[in-house]
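Values quoted throughout were computed directly from the atomic coordinates according to the rules given, and no laboratory measurement underlies them. Since the model is a prediction, treat every value here as computed from it, not as a measurement. Note that each Cβ is placed from the backbone with ideal geometry, even for glycine, and that neighbours are counted across all protein chains shown.
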Amino acid sequence: MAASGSEEGGWKQTLLLRLRDRNRVQTHFFADVIQAHNKLFESADTLKSQNVQLQLQTERLKQDKLDLEVKVLDSSANSGTGKGEKTQALEQKLFKLQEELTELHRRKGENAQQIIDLNSALQEKEKVLSEKENRLLDTETHLEALKAECRNLEQAILEKDALHQALRDEHQALQMTFSALEDKLRKTQAENQDLVERWLQQKSRDADKMNFENDQMARKRQAKLQRELAEAAKEPSPPLMDKPGSRKKVHFRKKSESGPRSPENGQPDPMVPPGSPITKMFNSSTSEAPVNPGHVGFIESIAGLLAGKKRSSSHDDGFEPQTSAAGAPPRHYVTVTLPSTAIHKADGHDGEVNAVRFSPSGRIVATGGTDRKLKLWEIMNRKLDSKAVLTGSNAGIMSVEFDPQENYILGASNDFASRVWSVADYRLRHTLTGHSGRVMAAKFLGDSSRVVSGSHDRTLKIWDLRSRACIRTIFAGSSCNDLVTSDLSGTNIISGHFDKRIRFWDTRAESSANEITLQGKITSLDLSLDNKYLLSCSRDDSLKLIDLRMNQVTGTFCADGFKVGCDWTRTIFSPDAQYVVAGSSDCSIFIWNITTFRLEKTLKEHNSSVIACSWHPSGMMMVSCDKNKKVTLWSDM
């Protein structure tokens, strides 16, 4: 009860203090008006009391006047002229009193006018006071709204703090998980290294064992062969005659020669090592002394076996004409003919066709478009015949690439990912996600197990398809529009960027090894087959030829009417690296000679900007694509 009484007294005291504060705040601005108002009321009360007194005095004077008039009449009737002077004096006094009364009436009127003026001023002050009160109410309302907003902001801050704390906790948990996974990875790598070393040791032991067994077998064969030769030498043999009366001659080499001679040309047989048992046998059986002709048949049979082994070994060791991947002819035997006629046109995709590429063997053409599809074509009867449609991308395909063995095809997409399909069954094998911007280019790095991709998020990422993970991220500093790999080991990468620079990367180093700055942002890169020259296309409507041995620009290709149509316009070398080709925004294809830097030919068949071209590995045909969903096949006839 005491607590409740104290609580009740407390809120009453609080209310009283708030009322006093409000009264002090509200009366502070109007204290002068209230004081003047009070003074006016006091003056009005004083004037009203004086007015009442004057009215009473006026009434008394009127009464005195009447009494005097009566007395004067009585006295005039009674006393005559003797009292006239007294009457005159009274009249004068009456006149003065009337003047004084008039003055009082005048003052009364002035006071009344002053009261009216004061009332008007009071009304104006009251009006100002009401305006002030309204403004005060508005200010209080706005203050309450601001207080409510402050409370909402404080609540939002608390929620943000809670969310931030949750994110920090989650980040710490993820960091701990990452550290654990990193430790597990290091342990796994160490275990893998240990297993590899043990495996190599085991293989070494197996090899040593196999060598030992081979040596044992060789020694046994040598001993057996020596026994057989000794037994053959003990047996008497009649001389061998080609014709009656003639003896067959057998020619033996000297002891200084290092091995048996080939029966074809009489030279030492390269397939028989000098220290082999057969060589020892020949060395031991050849001398300057006469040899029993009975040995000849056996020796010639051994020489025939060696000759047969040599012939079979030369076939097994690959002494046959070499061919490139998937049956394509060697590139250094390619003879390029400049295309002149569009022999077939097809609707490649439902929208723009962004990329086109021949396979290494030239059997397949791959195209990628904005309809999120990657299509494969075959050239049948000088026409492009649709073979398969590869799906799985969620945005337009920006580049396509085959692996050297023609087993996989790689596509870069605008949905921030790259994908790998198998050429045999057209199935999606890998989806490489991790970029935060659209992927403009992707290439196989060295072999078909690694991929490098370049994106608009200003990074290059290297992927291991066996682990399906990104094994390295290279921060390039600018959006990447195209890239190439310059060696089979997969250590050198060249990338072209939005900031007009070509950067050279060594995957074994942390930063770029070198860079070249051009006059426009880079749209395309291509390497010659001997990896000596780099071709770049930029938005300054020119192509640059860069000598990688000197690391400098050695030539520029440009022509009247040639305009680069978009940031992903692709240019290429011909298979023999004697020509360069590029599509233009004026619907034309320009071909330059790399030796003379002269424009060799201009092809006109497209109806919209040409984006990409690809030359057949044989050099006999070329295919191009444009923004109006067309794919065109070109030939020289």
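What is the gain in length, in nm to one decimal, between LEU200 and LEU19 on full extension, counting 0.36 nm per residue of separation less the C-alpha to C-alpha distance?
Details: separation 181, 0.36 × 181 = 65.16 nm, distance 9.51 nm.
So the chain would gain 55.7 nm between LEU200 and LEU19.
Once phi is turned into θ = phi - 60°, what whole-Hz ³J(HN,Hα) does the Karplus curve with 6.51, -1.76 and 1.60 give for every residue of the stretch 474-487, x standing for Gly and Pro?
Calculated HN-Hα couplings, in order: 9, 8, 8, x, 7, 4, 9, 9, 6, 8, 9, 10, 9, 8 Hz.
Please give every one of the lysines within straight-line cross-link reach of LYS375, meaning a C-alpha to C-alpha distance under 21 Å, and leave out same-chain neighbours fewer than 8 residues apart.
The qualifying lysines are LYS345, LYS383, LYS387, LYS443, LYS627, LYS629, LYS630.
Give the calculated FRET efficiency between ARG135 and LEU101 to the nearest 0.05, with a Förster radius of 41 Å applied to their Cβ-Cβ distance. Write down the numbers at each step before the final one.
Working: r = 51 Å, r/R0 = 1.23.
FRET efficiency, ARG135 to LEU101: 0.20.
Along the stretch 571-577, what does the Karplus equation 6.51 cos²θ - 1.76 cosθ + 1.60 (θ = phi - 60°) give for ³J(HN,Hα), rounded to whole Hz, x for Gly and Pro?
Along the stretch 571-577, the couplings run 10, 9, 7, 6, x, 8, 6 Hz.
Subtracting the Cα-Cα distance from 0.36 nm times the residue separation, let me have the gained length for ASN551 to LYS108 in nm, one decimal.
Numbers: separation 443, 0.36 × 443 = 159.48 nm, distance 11.42 nm.
148.1 nm is the gain from fully extending ASN551 to LYS108.
What ranking do THR459, THR141 get, fewest neighbouring Cβ atoms within 10 angstrom at the top?
Details: THR459 20, THR141 10.
Listed from fewest to most nearby Cβ atoms, that is THR141, THR459.
Return the long-range amide H neighbours of MET398 (sequence gap of 5 or more, or a different chain), with a cut-off of under 5 Å between placed amide H atoms.
Sorted by chain and number, the residues that satisfy this are ALA412, SER413, ASN414.
So how far apart, in nm, are the two label points at LEU167 and GLN222 if each is 7 Å from Cα heading toward Cβ?
7.9 nm
³J(HN,Hα) across the stretch 18-24 via Karplus (A = 6.51, B = -1.76, C = 1.60, θ = phi - 60°), whole Hz, x for Gly/Pro?
5, 5, 5, 4, 5, 5, 5
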